[in-house]
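Data block below; observations after.
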Amino acid sequence: MQRIFSGVQPTGNLHLGNYLGAIRNWVRLQNQYECIFCMVDQHAITVWQDPKDLLHNTREVAAGMIAAGIDPDKNVLFNQSTVPAHAQLAWIFNCVARMGWMERMTQYKDKAGENAENASLGLFAYPSLMAADILLYKSTAVPVGEDQRQHLELTRDIAKKFNHDFKKQIKANGHKSDFFPITETLATGPAMRVKSLKDGSKKMSKSDASDLSTIYMLDGADLIAKKIKRATTDADALPSEAAGLAGRAEAENLVGIYAALSNVSVDAVLGEFGGQGWGSFKPALAELAVSVLSPIADEMQRLVAERGEMDAILRDGAARARAIAQPVMDDVRNIVGFVR
């Protein structure tokens, strides 16, 4: 069975975009692959995090993943900082990767903005840590969105350069010439890029100025209904075919959310609601969203409240992750020439 690695930053407030864009697909993948799911708390601190918030958010994100259907017994679920080999391998990769590679990373430019000199060194180098996250477990594939494809390409470049630079030592240690796999992007099937409920040109985000733009996984039924009721729409009725949504970003977003939550095609949704107005569609969408998200929210709240249970799950996952990572790190130390 192939092994995949998926990570999520524990910065809190999981929302509908996180669920439909990533977590739901991870739930499906656990039946087909050996899965390692990680709360990447070391990535999170590349920008300032309040320590109490980081601790809470790590538990909350893990609880959200479990509540959504990820089985912590079947998969490895842990937080990154509990496996020191992530940082150890990242330093070695810092010495393998080239400055020019890092400088081309568009996400760094976006996050650092015009004040790059005040950005942390960690923010600049974090793609190297991401490569370590993936290659420490010799992951063969990674499910990534468009915003992370460049980083996976960097991971592949680092793996190739390590394999090339240490080819003699790799063979001397009894390994094939390719010590690290050249990790592939995993096609996970349909995943929706959920847009803001207030502006269909922007993705749904917790950083949006309007709280009504984002449906959070812990929102109650009344709040979900309120946000959908107040979602931006146009004056036209729903079309009968998907082609009729062209140029109607907000309409396309809401219909897409309904299709994703009900696991049907957009055309199937429009076959049911075509010709109707938003006064009919929005209540139906709200009812559907509540039916899907409320059980997840209830279980999330239970797990977060049961701190001992949540921490025990993460400790067990960390122990299992270390058992996989340590032999790989031992081999890397031998290959690089470190005294053990």
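The values are calculated or read from the model by the stated rules, or taken from the named source; none is laboratory data. Note that the coordinates shown come from a computational prediction; the quantities given were computed from them, not determined experimentally. Every residue, glycine as well, gets a Cβ built from its backbone with ideal geometry; the counts of neighbours run over all protein chains shown.
Gly317 meets all of the listed conditions (1) surrounded by 14 or more Cβ atoms within 10 Å (Cβ to Cβ); (2) not assigned by TED's automatic domain parsing to the domain that holds Arg59 but one, namely (2). Residue-level analysis places Tyr19 outside the set of residues that are farther than 28 Å from Ser291 by Cβ and in the same structural domain as Leu123 (by TED's automatic domain parsing). Looking across segment 96-122, the residues that are loosely packed, with under 11 Cβ neighbours inside 10 Å and part of a helix (DSSP H, G or I) come down to Met99, Gly100, Glu103, Thr106, Asp110, Glu117, Asn118, Leu121. Of the residues making up segment 130-180, those that are over 13 Å from Phe93 (Cα atoms) and among the basic types (Lys, Arg) are Lys138, Arg149, Lys167, Lys168, Lys171, Lys176. With respect to the conditions (1) assigned to a helix (DSSP H, G or I); (2) over 30 Å from Thr82 (Cβ atoms), Val264 falls short on a single one, namely (1).
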